Amino acid sequence: MKERLPGYLLSLLQGVGETADRQRVSVYVVGGIVRDLLLDAPNPEGRSGTRFEVDLIVESDGIRFAKALAQRDKARVAIHERFGTATVAFADGHTFDVATARTESYDSPAVLPTVRPSSLREDLCRRDFTINALAIRLNASRFGEVVDCHDGRRDLQDKTIRVLHGLSFIDDPTRVFRAIRYEQRLGFQLDRNTAVLMTEAVKMGLVHRLSPSRLSAELLHVLSEREPVNILARLADFNLLQFIHPRLKWSPGLARLLNAAEKAVEWYARLSLGRLTSPWVVYGMALLDHLPQPAVQETLARLTFPRRQAQTLLWVAQEGARLLRTLDRTDKPSDTFRTLRNLPDETLIFLMAKTRSERAKQNISDQFTTYRRVRPVLRGNDLKAMGLEPGPLFNRILDWLLDARLDGTVETEADERRMVRRMVRSPG
């Protein structure tokens, strides 16, 4: 921890232990951050940029402990009474989610569990996989002590994904998606028995029992991974794509498009254009591309994706092919610019991946690298100085100047002024 964690975060965790000692309770950090610390992974789970989101388990009243911790460090605390949890937000952006150690029971498959307070050991028993059922104690006298009740460290060493018990996927079918995500992200392998249990859970149709919101959340996690294509291919190995839509099948064409989408996303990153707001949308477009439109509509009506992104996915399914045909015929930069100017970057990236037309691909590339940066020299105040009044003609002149700049028919400010004078004499 001293080697891997920023000094300020380490100090906060030590403060957690001191608070726990004063309250005479045991407190632990749990979750992916523990796994990744033990793996020496470069970007521990729970990290967002320079901030960490840390999960704490208290063998006592978690809310009461969170309030004491917030008071000690002058942090903000949000209480979630319904779940018996609290979030402590520190000034630098780190957040600690604090929960009471608890156990859970399932009344039927695929439903959310009933929980009750318990011990750390029982809390770890409710985790999905052995590599995630690890904890680090924070109390001062035992700071940094690893708690491993299920041979999670051995499975980390053996690079194995293993469930804690035989009913794991029946209790919570979302774990089939998580198993594959961890397997591919970490470069691990599914334990043989775990793979058998997953296959049986799929055959039983348990994933169909998940609510649309839970299935959507898992699919979003998959599409939001840094390299989602291998994960989607592995989902296909276990016949899990059917739960997105029964007609969704893995094929060479789908694999090609997904790999092209991944390369296009990487190309965008190399351009230093910043990070795509929703890179998962690009992969979502590719995944739905091989479905007929009614199936796309059914899928998006059932899944609970964010509304704006869902509308983008549907629009591309309906209009993407037509738009690519237009781009394949477009020679004038101004036409390309106006065709693409109002489309999200994710849409352009997907269209670049989908098209096999070099002209269309170049037009999209030029939109990113050149056309968006083109501006006329003259601005509104310059037109006013030339005696023009703001109005419909005023705005049309600015649009014409931009088109002329894009198409190279004007190159200097003097050219622009001559063009404006001609337009004023003959506004057409």
Dipole of the chain, positive direction: furthest Cα of V98, T330, T304, with charges on the beta-carbon: T330
Spatially proximal aspartates and glutamates relative to K354 (Cα-Cα < 16 Å; intrachain offsets below 8 disregarded): E262, E266, D289, E319, D328, D345, E346
Exposure proxy order (Cβ contacts within 10 Å, fewest to most) of S213, S26: S213, S26
Net lengthening on full extension, T199/R422 (0.36 nm per residue, minus Cα-Cα): 73.0 nm
Surface/4 estimate of mean projected area, convex hull on alpha-carbon atoms of the chain, nm²: 26.4
Protection proxy ranking of 188-195, 139-146 - average other beta-carbon atoms within 10 Å, highest first: 188-195, 139-146
Using alpha-carbon coordinates, inclination of helix 307-329 to the longest axis of the chain, degrees: 40
Footprinting exposure proxy for I170, I57 (fewest neighbouring C-beta atoms within 10 Å first): I170, I57
Estimated FRET transfer efficiency (E3, C125; beta-carbon r; R0 22 Å; 0.05): 0.15
Amide H partners (placed H, <5 Å) of R102, local residues excluded: S118, D123
Charge tally in the Cβ shell below 14 Å around E183, where Lys, Arg are +1 and Asp, Glu are -1, E183 excluded: +2
Protection proxy ranking, peptides 388-394, 419-425, average beta carbon neighbours within 10 Å, highest first: 419-425, 388-394
Under-5 Å amide H pairs with V147, H placed in peptide plane, nonlocal only: A135, I136, R137
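Only the coordinates and a few stated rules stand behind these numbers; no lab work does. Keep in mind the model is a prediction, meaning the values are calculated, not measured. When we count neighbours, we look across all protein chains shown, and the Cβ atoms used for this are built from the backbone with ideal geometry, even at glycine.
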